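Values quoted throughout were computed directly from the atomic coordinates according to the rules given, and no laboratory measurement underlies them. Every value quoted in this text rests on a predicted model; they were computed, and no experiment measured them. Heads up, the Cβs are rebuilt from the backbone with ideal geometry, glycines too, and the neighbour counts pull from every protein chain shown.
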Amino acid sequence: MIKKKMLTRSRAGIFLLLLFASAVYFQPYRFGIVTGESMTPTLHSGQLLLIDRDYYKNHPVQHGDVVSCRVNGKTLVKRVYALPGEQVIQLHCDTDRAGDMIIRPHMIEKAIRSFIEKPSALRIIRIEVEPGFVYLLGDGGLVSIDSREFGPVPQTEIIGKVINGRIDTDTSISAAVML
């Protein structure tokens, strides 16, 4: 009889544990922790994030959204810079990556003039963001590993929208972008 009670309690405990784990797993919200400095000054290493995994089921991805995504097996947090059908123009310096800039089309001439001392090392790279993809940048500028390195990201790899209350979606991406 005691064995039967223990077995019943054990089963009930396992059932409650599985029920709790299922409830947590299937919730639309997840916590994450920032690692690295690629989103500084907006987010800092060690900061706790709240991610809404269902947000994009009912809303389109928009410029300025901060998203959690998977790229090459890693989970990253980046800001959406360009959407499908848009063009990204990267001014690339072959001799110094620190000179790379993402520029707006109307700023090409001005950006080229800023590289006048080493024009042979300068290339303009135009990237068309294909349907179903987004171009992501970190707010930390040149310290960020982002779409400048790994290219546009499939929207299917977006885990969810980072919904921490302190994030300003109108913040311009620093240092790497010339408006």
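For Y29, the residues 5 or more places off, or on other chains, whose built amide H falls under 5 Å of its own are R53. Stretching E149 away from E128 to a fully extended chain increases their span by 6.1 nm, per 0.36 nm per residue minus the current alpha-carbon distance.
When F150, F31 are arranged by Cβ crowding within 10 Å, least crowded first, meaning fewest neighbours, the order is F31, F150.
Below 12 angstrom from the Cβ of F31, what's the summed charge of the other residues (Lys, Arg +1; Asp, Glu -1)? After counting each charged neighbour, the total is +1. Counting Lys and Arg as +1 and Asp and Glu as -1 over every other residue whose Cβ lies under 11 Å from the Cβ of Y56, the net charge comes to 0.
Count Lys and Arg as plus one, Asp and Glu as minus one, and take only other residues whose Cβ is under 14 Å from that of S68; the net charge is then +2.
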